[in-house]
1. Using a cut-off of 10 Å between beta-carbons, work out the net charge of the residues near Val118 (Lys and Arg +1, Asp and Glu -1, Val118 not included).
2. Going by how many other beta carbons lie within 10 Å of each one, how would you line up Thr213, Thr76, fewest first?
3. How high is the relative contact order of the range 73-169, in percent, counting Cα pairs under 8 Å that sit 6 or more residues apart?
4. Taking other Cβ within 10 Å of each residue's Cβ, how do Lys140, Lys293 sort, fewest first?
5. For a label point 7 angstrom out from the Cα of Thr301 toward its Cβ, which stretches of the range 140-154 have the backbone nitrogen within less than 15 Å?
6. Listing His306, His155 from the residue with the fewest other Cβ atoms within 10 Å to the one with the most, what is the order?
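Values quoted throughout were computed directly from the atomic coordinates according to the rules given, and no laboratory measurement underlies them. Quick caveat, the model's predicted, so the values are computed rather than measured. We place every Cβ from the backbone using ideal geometry, glycine too, and count neighbours over all the protein chains shown.
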Amino acid sequence: MHAVVLIVVILVAGYSSLGRGGAQPLLRLESNNAEARIVSQGGTVGSLALGRQGTILKPEAVPSSSPESHQPLLYTAQDGDDLNSLAERFKLPADDICGSNPSLTSILRLKSGDQLLVPPVHGVVVQVKPGQTAEAIASKSQVGLITLLDYNYLHKPTDVRTGQQLVLPAGKGSLCPLAAGGAGGNVRLDRGVAAPAADWGPPGCPIRGAVMTQPFGPSRLEGFHAGLDLAAANGTPIFAVAAGTAQVNRGGTGYGNNVMIQVSGQRTDLYGHMSAILVAPGQTVETGQIIGKEGSTGFSTGPHLHWEVRINGTSINPAPLLRC
């Protein structure tokens, strides 16, 4: 009888022990079970702090950063803003800003209060037009459909809606048309040195009915683009913006067939990639005179005029001298 009582007492004590956490011996801690060892010592596993018996003491803060914004910035132009200053400010190629704002009459001549869309990454912003599909937008902008969907958090192509703004990383946008008139004032030199525009001579229009395919400034292909590329139909007449003495160069350089006009002791204008040259070396050229025809000679990917203005041998931004 005493033996039976003793067995009952032992069993009751065992069950009581389990209720107070006696299950602990069931967890075998092997030398290679690192997490179990940490837990048994009241350590931290993952983002939780654990007591010896696995109780949660408090949540641990998990460091995190805000997700990178994929939304375009709406920027309001200030006095003195131009395409190149905005490109430098936002660390983007100038043609990204131009291609994201095709509705502006001329992005080269900004007015205070103009609103521009600025892409958050290298690429362009496009607004979906009625009837446009995601596939068509991706094809036109030369980006992959998956890139368009992923970057804009879209699950499928049919999620695109009319009026929606899409950011297309590394995409190409519409060309910006050149406008009549323009602002005068100072223009920055190649490395940011200003000089009075009045000292440079008259403005003008070197080619009519053109679009700007590349502005003055940083370039992905060239590092720095020292003039304006203006594209029209092949063979379109090219006019002298300012009078001077012609120097003729036929091929042999990246400018292809080109004419340089010595306007003054300081200013020289270069007209590159011509298909035909219509002036002779040393000829006196008048303002507005036809000097050649647009072409694609030299280092060129298609018919256009490369118009460059140099002051004392340094290329400047010719945009404020453009009147088309």
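1. Taking every other residue near Val118 into account, the sum is 0.
2. Numbers: Thr213 18, Thr76 10.
Least to most surrounded, the residues fall as Thr76, Thr213.
3. Values: 149 pairs, mean separation 27.6, N = 97.
Here the relative contact order equals 28 percent.
4. Lys140, Lys293
5. Of the residues in the range 140-154, 140-143 have backbone N under 15 Å from the label point off Thr301.
6. Fewest to most other Cβ atoms nearby, the residues stand as His155, His306.
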